[in-house]
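Working notes, structure below.
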Amino acid sequence: MATSKVDPKLNETDLRKPQKKSGDYQGLTRQQLVDAYRIMFTSRRLDDREIMLKRQQKIFFQISGAGHEAITVAAALAMKPGYDWFFPYYRDRALCLGLGATPYEMLLQGVGAADDPSSGGRQMPSHWGYKRLNVVTQSSCTGTQILHAVGCAEASRYLASHPNSAKKVGGDYREFKDIEFHGDEVTYVSLGDGTTSEGEFWEALNAASNLKLPLIFLIEDNGYAISVPVEVQTAGGNISRLVAGFPNFYFEEIDGTDPVVSYGAMSRAVAHCRAGVGPAFIHAHVIRPYAHSFSDEEKLYRPDIERQRDAARDPISRMQMFLIREGILDEKGINLLEKEVDDGLQAAVDQALTAPLPAPETIKQYLYSPGLDPTSAAFDTLAQGSGAASADGEGRTSTEQAAHEKKHAPKTMADLINSTLRDEMKRDERIVMFGEDVADCSREEYLRQKMVKGKGGVFKLTAGLQSEFGSDRVFNSPIAEASIVGRAVGLAVRGLKPVVEIQFFDYIWPAMMQLRNELPVMRWRSNNAFSAPCVIRVAIGGYLTGGAIYHSQCGESIFTHTPGMRVVFPCNALDAAGLLRTAIRCDDPVLFLEHKRLYRETYGRAPYPGPDYMIPFGKAKVVHPGNNVTVITYGAVVPRALQAAQRLDREHGIKVELIDLRSLNPYDWDAIATSVQKTSRVIVAYEDTLSWGYGAEIAARIADELFEHLDAPVKRVAAKDTFVAYQPVLESAILPQVQDLYLAMKELAEY
Ligand SMILES: Cc1ncc(C[n+]2csc(CCOP(=O)(O)OP(=O)(O)O)c2C)c(N)n1
Ligand SMILES: [Mg+2]
């Protein structure tokens, strides 16, 4: 770990000057040029070898970096592996070779070998990920990586100004998250021309520009996205023209098939970013001499004439001719180099084809942290003051007594979430918080001059945190949900702990790609080389009388259906505090669902449980003991089911065992099974729409594993299969009410 300062001698004008002096090859030595050619040629030949292997069905997919070798090898030469950070895409074979990945390692991914360093046989080839080189695991989704790169660049900035946060600490996720950083490190992200159409690209540009991040965007424009030409993707056909208005950027548009030109541009981009003055955008025009992938037949949409035009710019032959023309290598030298490459590749292929395959028993390995289990006893602590006789006020002065009473007064769920966040931020400098409106006030001077009190969230859950911990730890984000989650992924990959907020569950959907395909998959797909433990807090749910369709949604089962994601859903203040702390300290991504209706409810208030109170995931709570009917539920249905159960007891002496699951993935099967074995009758009740919901899984498992213990059919009580309407009469008819629960319980008890 080291930090270094920005070079004060560098200024904008110097940085922008092209250093073109004939013969100096933009600062590259003759040896570096030969090395560059070796890498480019290796990259192309490796693509050719893989294509052959695919034809022979020895590997199962192929996508090439052909035509992109010059700009990507230039990027490798201009940057530092294991120091800078890389978020490449599938065409970046030459980048990875240039940084130090070997052909053998790449072939291991092709065959899906156990020792494939990128994924252990879990991802397609060309899905790079090399921990030692800071090449971060990537998915197949076009564009998701751009937001990770933004988060990574933000982490660089944050760590430089909070160096102590990088210290290793035992007892929580930090034990498993080593942080290394350098004050002037630069992040690289690449993408194709077609991918610039993704919203995530624009969200990333906006953030990088606004925050002046040390981040290089490399657009590898080969003119096509599979079969769709660039003028269909990009208004006017040229992305450089569209992005030119973003402030703080260093821009260049270049011929990316020329390695020397490419190196010059990449070096200037790196210098701009290292100087800390803002991001860079290199738009490199390249070619795509092969089809999109092995599965694509490009003759269907590209005539020969186009391909011939491209062939004249092929970076491999251009570089070869350049080396000969400049007298750097003669034909003999070229032949020798190429033979060496071919021989090396043959050996690598032979070795990769006999590499051991991953064992089927390992399929679930690394869905979650292997180091820290949030269901374990380490996360089971007592609430402060619990069990002690706190009512005894003897010997206190009246002021002390008032303070004592205030401290021990019951707090709402909103209060205790706020105090948990505060306590954790105090304890752990790696925590950063952002989201829409989470800051007290973005215009800090208003706070400083005490002109305003500050907002701190639309529900005020983060109130006061910016004022206490600073604007680089708690800040507002643009209204861009994908970017909230995507940036969190990038920060978490670097070892920080983002605790971000999605303002309303109803608006989580723009982040769905990140929540489904990135956040919970990082660890599994990289075979534990990377992970992104962070907390996504989401205000969820209805019963608001007037919340309507877009402020009442649930939908938790969509996320419990995603392996790798922890999902918790507390229903009272104490559980919210205990589970949130576990969420923050654990080493997995957690979706933390906060019911809006319960934020300030009288039900479930509790005194402040202290700064270390934790509840392990996967532990249900029996809210009301009974032996006639089991009701399994969570969230805002808990207090409603409790009312129904109490009434049933009062009126009919029927004893309902009410179980609050509290965490939905993992969930407490033992508690369910124990209760069902006792009562033989079970209802699963939840606020979301009935069909295909969380209850379906629980009901199916009960039917499967507890069938012989049942005396009645498994019932569900849930919302009607429609949207939540605005008019309270409709809302009441749609969401499950106390009366619905009461009737279902009674009916089942009498079955
Ligand atoms: C979000 C998403 N949509 C669609 C795809 C399918 N797909 C894979 S590559 C690709 C084209 C990408 O084109 P471009 O960004 O120009 O990169 P190139 O392959 O040309 O280098 C598409 C549509 C995907 N992987 N991800
Ligand atoms: Mg393209």
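No lab work stands behind these numbers, since they all come straight from the coordinates. Computed from a prediction, not measured in an experiment: that's the story for all the values here. Cβ: placed from backbone, ideal geometry, glycine included. Neighbour counts: every protein chain shown.
As a ratio to 2.2 N^0.38 Å, the alpha-carbon radius of gyration computed for the chain takes the value 1.07.
Taking R0 as 51 Å, what's the FRET efficiency between I51 and I479 from their Cβ-Cβ distance, rounded to 0.05? Before the final figure, lay out the partial values.
Details: r = 45 Å, r/R0 = 0.87.
E(calc), rounded to 0.05, equals 0.70.
Classify the stretch 207-329: rounded, prolate or oblate, from the alpha-carbon gyration tensor (a ≥ b ≥ c, eigenvalue square roots; a/c under 1.5 rounded; otherwise prolate if a/b is larger than b/c)? Present the calculation step by step, with values, prior to reporting the outcome.
Numbers: a/c = 2.75, a/b = 1.30, b/c = 2.12.
Since a/c reaches 1.5 but b/c is at least a/b, the shape of the stretch 207-329 is classed as oblate.
For the chain, the antiparallel share of DSSP beta bridges with both residues in that region comes to about 15%. Label reach from E747 (point 7 Å along Cα→C-beta): in the stretch 639-667, amide nitrogens under 17 Å belong to 641, 644-645, 648. For E445 and V622, a Förster radius of 60 Å and the Cβ-Cβ distance give a FRET efficiency of 0.70, rounded to the nearest 0.05. Computed FRET efficiency, Cβ-Cβ of Q365 and E175, R0 25 Å: what is it to the nearest 0.05? Calculated value: 0.80. Here the dipole of the chain is about 1220 debye; that uses its Cα centre as origin and unit charges on the Cβ of Lys and Arg (positive) and Asp and Glu (negative).
Computed from Cα positions, the angle between helix 144-161 and the longest principal axis of the chain comes to roughly 80 degrees.
Between L300 and Q401, the simple spin-label model (points 7 angstrom out along Cα→Cβ) gives 8.4 nm. Most simply put, the stretch 596-751 has about 20% antiparallel DSSP beta bridges, counting only bridges with both residues inside it. Between rounded, prolate and oblate, where does the stretch 437-554 land on the alpha carbon gyration tensor, with a ≥ b ≥ c its root eigenvalues, rounded for a/c under 1.5, else prolate if a/b exceeds b/c? Here the stretch 437-554 falls in the oblate category.
Once the Cα gyration tensor of the stretch 281-429 is found, what semi-axes does its equivalent ellipsoid get, as square roots of 5 times the eigenvalues, in whole Å, sorted largest first? If you can, show how the numbers build up before the last one.
Values: eigenvalues 1019, 117, 74 Å².
The three semi-axes for the stretch 281-429 are 71, 24, 19 Å.
Shape of the stretch 543-693 from its Cα gyration tensor (a ≥ b ≥ c, root eigenvalues): rounded if a/c is under 1.5, otherwise prolate when a/b > b/c, or oblate? The shape class here is rounded.
Take the cross-link list K411/K450; K460/K596; K715/K746 and give me the ones stretching past 18 Å between alpha-carbons. Violating the 18 Å limit, Cα to Cα: K411/K450.
Listed by chain and number, the aspartates and glutamates placed with their C-alpha closer than 15 angstrom to that of K80 are E180, D184, E185; residues fewer than eight positions away on the same chain are left out.
Is there a pair in K621/K655; K655/K678; K167/K497; K406/K497 whose C-alpha atoms are over 20 Å apart, and which pairs would that be? Display every interim value, and only then the final one.
Working: K621/K655 16 Å; K655/K678 12 Å; K167/K497 13 Å; K406/K497 31 Å.
Flagged as over cut-off: K406/K497.
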